[in-house]
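Structure first, then comments.
Values quoted throughout were computed directly from the atomic coordinates according to the rules given, and no laboratory measurement underlies them. Bear in mind that the values here come from a model prediction, so they are computed numbers and not experimental data. So basically every Cβ, Gly included, is an ideal-geometry build from the backbone, and we count neighbours across all protein chains shown.
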Amino acid sequence: MTESNMNQAERARGQSEPMKLLRMQARLYGRLEELADRQASLVSDEDLNPLMALLSERQHISDELTGVGAKLAPVRQDWSRRRAELGADEQVEADRLIIAIRERLQRILRRDETDARVLSGRKEVVVRALREMPSQQQAISAYRTQGETTRSLDVVEQES
């Protein structure tokens, strides 16, 4: 079977390589969006252990997306011709998948920016608290020393 006949057979089954890759990319972005939603919940709950596991899972999916993106690069470079080779139904599906992927990516990025702002705000609160801590510790230590001295004098007076 020639390559042209194989491409026609694949198109007839809806299994052309560009469509397989677009479908895979759409699924991966869907999974990444689900994780971004869970991430937002973990960030708001300040639940760090599950957050770290989730970030690891997101990294794994990002690595898969990088691989799919590399395979799609030649298709994107020649998209007009490659799209024209698709059947009418696949063209519609490809357009729908591309739009869905872009929209998901935008939502993921917005969610990540929001999470980053929340985490950055928390970091600033901790930094401020740590900066204030030495002066608070000194004040508490001075107070304790004074209190301990007073208690010692009280005990001495009571024993006399």
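Sequence-ordered 3J(HN,Hα) estimates for region 77-85 from the Karplus curve with 6.51, -1.76 and 1.60 and θ = phi - 60° stand at 4, 10, 4, 4, 5, 5, 5, 5, 6 Hz, glycine and proline given as x. The peptide list 98-109, 15-26, put in order of mean Cβ contacts within 10 Å with the highest first, becomes 15-26, 98-109.
Computed over region 11-52, the percent of Cα pairs more than 14 Å apart is 61.
A P(r) calculated from all alpha carbon pairs of region 3-125, with 10 Å bins opening at zero, reads 12, 36, 25, 16, 8, 2, 0 percent. Run the numbers on region 3-125 and let me know its relative contact order in percent, using alpha-carbon pairs under 8 Å that are six or more apart. This gives 42 percent for region 3-125.
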